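Engineer: Dropping the structure in here first, questions after.
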Amino acid sequence: HPADKELAYLGRLKGSPFNCVIECGPRKETLDKVHAAGLMAFPRSPWRLDGATAVARELRDHPALLGWYTIDEAPVDRVPDKTAIYQSFRAEDPDHPVIAVLDYPRNTDAFLGTFDILAPDPYPVGYKRVPISSAADYPAQCRERTYGLRPVWQVPQAFAWDWCHKHGHPKEDRYPTYAELRSMAWQAIAGGANGLLW
């Protein structure tokens, strides 16, 4: 998940277990860099329908394109907008899937017509967070709510809450330990996830 300014470091991923980048910019020069590093990408979609339609038309044949990233924890009132964007991608580029990251499995029902791949993101490590067992509960709930018909790619927590939000609890809002990372990954798989997005 690099910011565009960090794309110079994509070379570090060569030969690693990672094979794609998510949420990079939807531009040809960005995808060219991803391709040169031997990786694939899920570029983020523009949030407006006209912009999404334009990038789908422009980039649909790029060799680094794996799919489209259209939803990042959107509230349910955005369903009409996200449905229109999804339909635009399906019309302009039927060969690449659309991925949606949702923070609550209960929202899956509302967003069902907006994605091909669902990526739940329970983030249990930190001050007053959900239990770490949510790493298994979230994909199980998402598989049930999609009737087992859509891939579920879990987003395990690989950051510290204190790093991105200063809540005044640095000891609790820490990075996950190796054991916690390993637990979250295996729980996701046990819960039915068939992909991981760090």
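Engineer: Please list the non-local residues whose amide H lies under 5 Å from the amide H of residue 20, H modeled 1.01 Å from N, same-chain partners needing a gap of 5 or more.
Structural biologist: 40
Engineer: Just the projected area, averaged over all directions, of the convex hull on the alpha carbon atoms of region 1-100: how many nm²?
Structural biologist: Details: hull surface 24.7 nm².
Projected area, direction-averaged: 6.2 nm².
Engineer: Using the Cα centre as the reference, give the magnitude of the dipole from point charges on the C-beta atoms of the chain (Lys, Arg: +1; Asp, Glu: -1; all else neutral), rounded to the nearest 20 debye. Let's see the in-between values first.
Structural biologist: Details: 23 positive and 25 negative charges, 72 e Å.
About 340 debye.
Engineer: Can you tell me the accessible area per residue over region 41-97, all protein chains present, probe 1.4 angstrom, in square angstrom? Please list the in-between numbers first.
Structural biologist: Working: 2720 Å² over 57 residues.
Result: 48 Å² per residue.
Engineer: Over the chain, with every protein chain in place, what whole percent of the accessible area is carbon and sulfur at 1.4 Å, could you tell me? Display every interim value, and only then the final one.
Structural biologist: Numbers: 5660 of 10300 Å².
Heavy-atom surface of the chain belonging to carbon and sulfur, 1.4 Å probe: 55 percent.
Engineer: Sequence gap of 8 or more, or different chains, plus Cα separation below 26 Å: how many lysine pairs satisfy both in the chain?
Structural biologist: Close lysine pairs under the 26 Å cut-off: 9.
Engineer: Provide 171, 166, 14 ordered by accessible surface of protein heavy atoms (probe 1.4 Å), highest first.
Structural biologist: Numbers: 171 175, 166 155, 14 120 Å².
Highest to lowest solvent-accessible surface, that is 171, 166, 14.
Engineer: I would also like to ask the following. Could you work out which residue, out of 48, 12, 174, moves most in a Gaussian network model of the chain, that is, has the largest mean-square fluctuation with Cα springs under 10 Å?
Structural biologist: Result for the chain, Cα springs under 10 Å: 12 fluctuates most.
Engineer: Let me ask you something else. Cα-based Rg of region 88-138 per 2.2 N^0.38 Å, rounded to two decimals? Provide the component values of the computation, followed by the final result.
Structural biologist: On the way: Rg = 14.0 Å, N = 51, 2.2 N^0.38 = 9.8 Å.
Cα Rg divided by the expected 2.2 N^0.38 Å: 1.43.
Engineer: Also, I was wondering about something else. Pick out, from 53, 107, 126, the residue whose Cα sits farthest towards the positive end of the charge dipole of the chain, with +1 on the Cβ of Lys and Arg and -1 on the Cβ of Asp and Glu.
Structural biologist: 126
Engineer: On a full-extension model of 0.36 nm per residue, what is the gain between residue 147 and residue 163, subtracting their alpha-carbon distance, rounded to one decimal in nm?
Structural biologist: Contour length minus the Cα-Cα distance gives 2.1 nm.
Engineer: Once phi is turned into θ = phi - 60°, what whole-Hz ³J(HN,Hα) does the Karplus curve with 6.51, -1.76 and 1.60 give for every residue of region 37-49, x standing for Gly and Pro?
Structural biologist: Couplings: 7, x, 10, 10, 9, 10, x, 6, 7, x, 7, 9, 4 Hz.
Engineer: To continue, here is another question. Of the listed values [x] -0.32, -0.48, -1.03; [y] -0.27, -0.43, -1.10; [z] -0.47, -0.71, -1.09, identify the label whose number matches log10 I(q)/I(0) by the Debye sum over Cα atoms at q = 0.08, 0.10, 0.16 Å⁻¹ calculated from this model.
Structural biologist: So the calculated entry is the one marked [y].
The values are calculated or read from the model by the stated rules, or taken from the named source; none is laboratory data. Computed from a prediction, not measured in an experiment: that's the story for all the values here. As a convention, Cβ positions derive from the backbone with ideal geometry for all residues, glycine included, and neighbour counts pool all protein chains shown. Keep in mind that these areas ignore ligands, DNA and RNA; they rest on the heavy atoms of the full protein, side chains included. Shrake-Rupley method; radii C 1.70, N 1.55, O 1.52, S 1.80 Å.
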